[in-house]
1. Any residue that is surrounded by 17 or more Cβ atoms within 10 Å (Cβ to Cβ), under 30 Å from Arg27 (Cα atoms) and among the hydrophobic types (A, V, I, L, M, F, W, C) - is there at least one of those in the range 126-146?
2. Give the range 154-199 a look and list any residue that's over 28 Å from Val75 (Cβ atoms) and among the hydroxyl-bearing types (Ser, Thr, Tyr), or say none.
3. List every residue pair whose Cβ atoms sit under 8 Å apart, with the two residues 6 or more apart in sequence or on different chains, where the first one lies in the range 252-265 and is of a type in the set (S, T, N, Q) and surrounded by fewer than 17 Cβ atoms within 10 Å (Cβ to Cβ) and the second, anywhere, is modelled with pLDDT under 85 and not in a helix (DSSP H, G or I).
4. Name the strands (runs of 3 or more DSSP E) wholly within the range 91-153 that hold at least 1 residues that are closer than 30 Å to Pro78 by Cβ and in contact (Cβ under 8 Å) with a residue 12 or more places away in the chain?
5. Answer yes if at least one residue in the range 194-213 is modelled with pLDDT under 95, on the phi < 0 side of the Ramachandran plot and touching a His at 6+ places or on another chain (Cβ under 9 Å), and no otherwise.
6. Report, by residue number, each residue of the range 88-121 that is closer than 28 Å to Pro212 by Cβ, surrounded by 14 or more Cβ atoms within 10 Å (Cβ to Cβ) and not polar (S, T, N, Q).
7. Check the range 160-179 and report whether any residue there is assigned to a loop (DSSP other than H, G, I, E, B), among the charged types (D, E, K, R) and under 24 Å from Arg69 (Cβ atoms).
8. Can we say Asp253 is in contact with a helix residue (DSSP H, G or I) (Cβ under 8 Å, 6 or more places away or on another chain) and modelled with pLDDT of 80 or more?
Amino acid sequence: MAPRLLTVECGIIQEPANCGSIGGQVRVGDEVTLCMGFQPSNGSAANGGKVLFRVKVDSFSKLRVDTLRSLMGEVWSPLKHKYSSMWVGLNGRRTIGQHAGVVTGPGTCNATAALQGDPGKRCYGWITHNKPVITEDFDLSNGLTAIVHLEKGVVNRIVWDSSCNLCKARSTVVTCLHDRTDIVCPGGEQCKDCYARIPQNGCTSESEVCAPHVYVAWLGTDRMGTPMLSAGSVLSRFAEGSLAQFGDQLYEDIQELGQSCRAAERC
C-alpha cells in the first residue's frame, strides 16, 4: 500500500523570522502554522525567506511552493541562491540533526567543536540541519521529509527523515545524493536524499515537478496523550516496490520536462 497524503499549495513568501514561539500544546486534528524556510546554502536565515502553511496535526502532508517553479530552472543567480537550502519550523523549533562534537563537561556536548586528541571525548549533539533544494548541477530535491516530534503536545524537535526510496533504481536523471552536511544519520551514515536533474531553462510557471516541496509527518503524543500515527506513512517506511508508482511518475515527469523544453527551444 502506498502512503496517503494531503497536498497543501502556497505561493506567498515572507521575510524570515522565528517560526512561532516555543511552547504551547497541540492535539490531533488541531490546525497549526508550519514554516517552510529558505536560505542561501552558505548563508544565514536572515538572508532568506519563509512560506507559511496551515496544516493539521498528525496529517501526512505535502507542502509545495508553486511560485518558485520557474526560478528552479533558471541559470544560477543571487536570487536563486537565496532559495538553495531549506528548513522546516513550528512553534519556535526548526529542523535539526546529530553532529559530532566534544564533551566539554559532565553531561555537556559542544556539537560544533572539532575533536582534537582524546577520541573518548567525542559526543553527538543537535545543531540546525538544512537540506539542499537545488544544486549548481540543477539537481532538484524530491521526497524530502520532515518529522515533527511531539511530547505531550509540545514540539520537542523536528528532524529530517533522509531516504532515497524514490530513486534507488534510477539513472543520473533521478538519483540519490549526499546532502552536503556533516550531520550523521542513523547507523552513522551520511544523510542522503533523492534528487531529480531538471534541464536548464526547462521550468515554467506550469511545471509542477519544478515546485520545491517537502513532506511532513508527526511522531510522539499530543496533549491528551494520543499517539501520532502519520509517521507510519513516511516514504522511508515503505518498501521500494510500494513506491514504484511515485518513482516512475517522477522519472516520467522529468523526461517530459526535457522534451517540452527542447520542443520550445529553451534548452
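The values are calculated or read from the model by the stated rules, or taken from the named source; none is laboratory data. Because the structure is a prediction, the values reported are computed rather than measured. Neighbour counts are summed over all protein chains in view; Cβ atoms, including those assigned to glycine, are modelled from backbone coordinates with ideal geometry.
1. Yes: the range 126-146 contains one or more residues that are surrounded by 17 or more Cβ atoms within 10 Å (Cβ to Cβ), under 30 Å from Arg27 (Cα atoms) and among the hydrophobic types (A, V, I, L, M, F, W, C).
2. Within the range 154-199, Ser162, Ser163 meet the criteria.
3. Close Cβ pairs (under 8 Å, with a partner that is modelled with pLDDT under 85 and not in a helix (DSSP H, G or I)) amount to Gln255/Val173.
4. Output list reads 93-105, 122-128, 139-142, 145-151.
5. No, there is no match, as no residue in the range 194-213 is modelled with pLDDT under 95, on the phi < 0 side of the Ramachandran plot and touching a His at 6+ places or on another chain (Cβ under 9 Å).
6. Val88, Gly89, Leu90, Arg93, Arg94, Ile96, Gly97, His99, Ala111
7. Yes, the range 160-179 has at least one match.
8. yes
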